[in-house]
1. Using the Karplus curve 6.51 cos²θ - 1.76 cosθ + 1.60 with θ = phi - 60°, work out ³J(HN,Hα) for each residue of segment 6-22 in order, rounded to whole Hz, and write x for Gly and Pro.
2. Under 8 Å for C-alpha pairs, at least 6 residues apart: give me the relative contact order for segment 42-160, rounded to a whole percent.
3. Can you give the % of DSSP beta bridges in segment 45-203 that are antiparallel, to the nearest 5?
4. How large is ³J(HN,Hα) for each residue in segment 163-168, as worked out from phi by the Karplus curve 6.51 cos²θ - 1.76 cosθ + 1.60 (θ = phi - 60°), to whole Hz, x for Gly and Pro?
5. Please name whichever of Gly44, Ile60, Thr163 sits farthest to the positive end of the charge dipole of the chain, dipole taken about the Cα centre and charges placed at Cβ: Lys and Arg +1, Asp and Glu -1.
6. Karplus couplings for segment 111-124 from phi (6.51 cos²θ - 1.76 cosθ + 1.60, θ = phi - 60°), rounded to Hz, Gly and Pro as x?
7. Expressed as a rounded percentage, what relative contact order does the chain have, with Cα pairs under 8 Å and six or more residues apart?
8. Over segment 4-112, what is the relative contact order in whole percent, taking alpha-carbon pairs under 8 Å and six or more residues apart?
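All of the numbers you see were taken from the coordinates with simple rules; none came from a lab. Everything numeric here is computed off the predicted structure, so don't read it as measured data. FYI the Cβ positions are ideal-geometry reconstructions off the backbone, even for glycines, and counts take in every protein chain you see.
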Amino acid sequence: MNLRQLEMRLERLEGFERPTARLEQYQTPAPVAARLLHHAAMQGAIEGCKVCDLGCGTGILACGAALLGASAVTGIDIDPAAISVARRNAGMLGVAVEFLVADVRDPDLDRSSLACDTVVMNPPFGAQKAHADRPFIDVALELAGVVYGIFNEGSTPFVAAYTEGRAAIEEVIRCAFPMRRTFAHHRKERVDITVEVIRLRRI
């Protein structure tokens, strides 16, 4: 499946029914999700691999990984409503994904059962709560040797410093991230920001 074909499949997926600002529930745009996943697949990190999507929301990255031939995919999110949409999305695409309602910050989360080859994620950018992405980075590096994450523009120095001694940044891809009007405090119908897709390898 080429990049455009993947993007077209992902564009069909449902978004959040009632997004919550506290959880920074912005839908990951299909072009961004497709680019991350296709790039990871070209690097051998998807097909035949066990993949976990942390903070999966409505499941776009998890479903895309399954479409690209991951051997097993798990999506984790704290919001049961988002997980319900994610399950419908997987059903619509005809892919097998295990979705779990769980908080990645929960110390009782059975991380040993979630160990995988690759983590893909679009964690909170920290607009509502500072450093909200840190638990996602921590858990991702516990679970997998390779991590692909979507971060706000300018995050690379922070990620490098925060993961020093635990992981190395192997690649940074910058791409446009169109954010559509989602919450009442938004004034514009669409704002294009730049994000950084960062590939981390656990040391």
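1. After applying 6.51 cos²θ - 1.76 cosθ + 1.60, I find 5, 4, 5, 5, 6, 5, 7, 6, 6, x, 5, 6, 9, x, 10, 4, 4 Hz.
2. Values: 231 pairs, mean separation 30.4, N = 119.
Relative contact order, segment 42-160: 26 percent.
3. Details: 20 of 37 bridges.
Approximately 55 percent, going by the DSSP bridge assignments.
4. With coefficients 6.51, -1.76 and 1.60, one gets 9, 4, x, 10, 8, 10 Hz.
5. With unit charges placed on the Cβ atoms, the residue in question is Ile60.
6. Karplus-based 3J(HN,Hα) across segment 111-124 equals 6, 4, 6, 9, 3, 8, 7, 9, 10, 10, 6, 10, x, x Hz.
7. Numbers: 419 pairs, mean separation 37.4, N = 203.
In percent, rounded to a whole number, it is 18.
8. 23
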